[in-house]
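The values are calculated or read from the model by the stated rules, or taken from the named source; none is laboratory data. Computed from a predicted model, the values in this text were never measured in an experiment. We place every Cβ from the backbone using ideal geometry, glycine too, and count neighbours over all the protein chains shown. We work out accessible area using only protein heavy atoms, side chains counted, and drop any ligands, DNA or RNA first. Shrake-Rupley method; radii C 1.70, N 1.55, O 1.52, S 1.80 Å.
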Amino acid sequence: MPDVLSLSSIDVKGKRVLIRSDLNVPIKDGSVASEQRIIASLPTIEYCLQNGAEVMLMSHLGRPKAGQYAAEFSLLPVAKCLQQKLNTPVHLMQNWLEEEKINVNKGEIALLENVRFNVGETDNDEILGRKMANLCDIFIMDAFGTAHRAHSSTYAVAKYAPLACAGPLLMNELEALEKALSTPKKPLIALVGGAKVSTKLEVLLSLADKVDGLIAGGGIANTFMLANNLPIGKSLCEPELIDTAQKLSAKMHDRGATIPLVEDVVVADSLTENAKATEKEVNQIQEHDCILDLGKKTIDKLCELIHQAGTIVWNGPIGVFEYPQFAKGTERIAKAIANSNAFSIAGGGDTLAAIEKFGVQQDISYISTGGGAFLEFLEGKTLPSVAILQERKNS
Ligand code: AMP
């Protein structure tokens, strides 16, 4: 169990609660384009309403310039969407920092306008955090997606609020991640795909100490192939990280853990929508080839490994899954994870897109709502806004 105060252990009746949600949703033509994050935030809001709290809600949306209102970053479309989903009035509050007390009618919601309009928010300004804290009796941190950022609305407010706790969404994320990484059912298999080793280097290094098997996919697999002296033609890779990839593989082998070798791949002349895909054994790869997916034999072996896993952690596609001729590897891996009996957890923007594309949402044990926060957790870091909740619980 995460060592933070949980909302479920607090009586919120008659209390003024300030919930920090992640309502940073895409907006198109003045409307919410994807409701995913709003829907994920609803149970916490409903819990507070049903238990008689006065509910204030805050979030950021996009990256507005601090100190300057801009309609395109307003939470107005979110307010409309929330009102419809909750079937209760949602009042969007402008200039809410100037209020000493925000009046909320019973059963209704005050949605505080985009926290990033405030100067100091992204600098974790303490005075700003104190002002937020003064509005409430209980601060509820529920925005896992921004839990890796120490901002006034995710950190300083938690420091000064009379009581600071984790909401159910954050709690579920932390529990699922701990279950996968701290107390995993063995063997623990991690799949790290995507374009570049460099963006996931910290993740790979941290996982190398923990996992029983590490499957590299996408452009990351290419760098590992090069580190094993295999030809990769003109595929995407990072030669400056060959040394790191070799050390990481050696560390894994010393621990008796595996990094499966790539045996065959799908190549094309270029990374383009209509490029012709050809399957090749690795020793047939030529200079003009671009590896854009793993081959059938390799995927068969990876699926077998996944089948035997007790726990699976997945971030990043196995190939260029956006184009059908290079999507087979990612599709088969996604389905293998969905069909396995292992506890599986997946996260990251492109991974969620792949999960949706191949329709396996229902069969992954836990899909994380956080991209950056998910990766930082995998890196073994304590997320700042979780750290302050721990500090508050234990002080
Ligand atoms: P990332 O943001 O690092 O997770 O990378 C995701 C992107 O990696 C997706 O858009 C994939 O199309 C791309 N990708 C996957 N495999 C390859 C590959 N072999 N070569 C180039 N890009 C790839």
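A few points about this structure:
- Contact map, the range 205-227: residues that are without any contact (Cβ under 8 Å) to a residue 24 or more places away in the chain paired with residues that are within 12 Å of the ligand (Cβ to nearest atom), Cβ distance under 6 Å, separation 6+ or inter-chain. Pairs shown: 226/232; 226/237.
- For residue 221, the conditions (1) within 15 Å of the ligand (Cβ to nearest atom); (2) assigned to a loop (DSSP other than H, G, I, E, B) are fulfilled apart from (2).
- Selection status of residue 77, surrounded by fewer than 17 Cβ atoms within 10 Å (Cβ to Cβ) and touching a strand residue (DSSP E or B) at 6+ places or on another chain (Cβ under 9 Å): no
- Near pairs, Cβ below 9 angstrom, 6+ apart or cross-chain, from the range 56-68 (closer than 19 Å to residue 143 by Cβ and in contact (Cβ under 8 Å) with a residue 12 or more places away in the chain) to any residue that is open to solvent by 20 Å² or more (accessible area, probe 1.4 Å) and among the small types (Gly, Ala, Ser): 62/70; 64/70
- When the helices (runs of 4 or more DSSP H) confined to the range 145-211 are screened for residues that are buried (at least 19 other Cβ atoms within 10 Å of the Cβ) and within 16 Å of the ligand (Cβ to nearest atom), those reaching at least 2 such residues are found at 201-208.
- Scope the range 229-276; condition within 12 Å of the ligand (Cβ to nearest atom) and either more than 29 Å from the chain's Cα centre (by Cα) or open to solvent by 60 Å² or more (accessible area, probe 1.4 Å) (or both); matching residues: 232, 233, 234, 236, 267, 268, 270, 271, 272, 273, 275
- Selection of the range 284-333 for residues being among the hydroxyl-bearing types (Ser, Thr, Tyr) and either closer than 24 Å to residue 185 by Cβ or open to solvent by less than 40 Å² (accessible area, probe 1.4 Å) (or both) yields 298, 311, 330.
- Among residues that are within 15 Å of the ligand (Cβ to nearest atom) and farther than 23 Å from residue 330 by Cα, residue 226 is not included.
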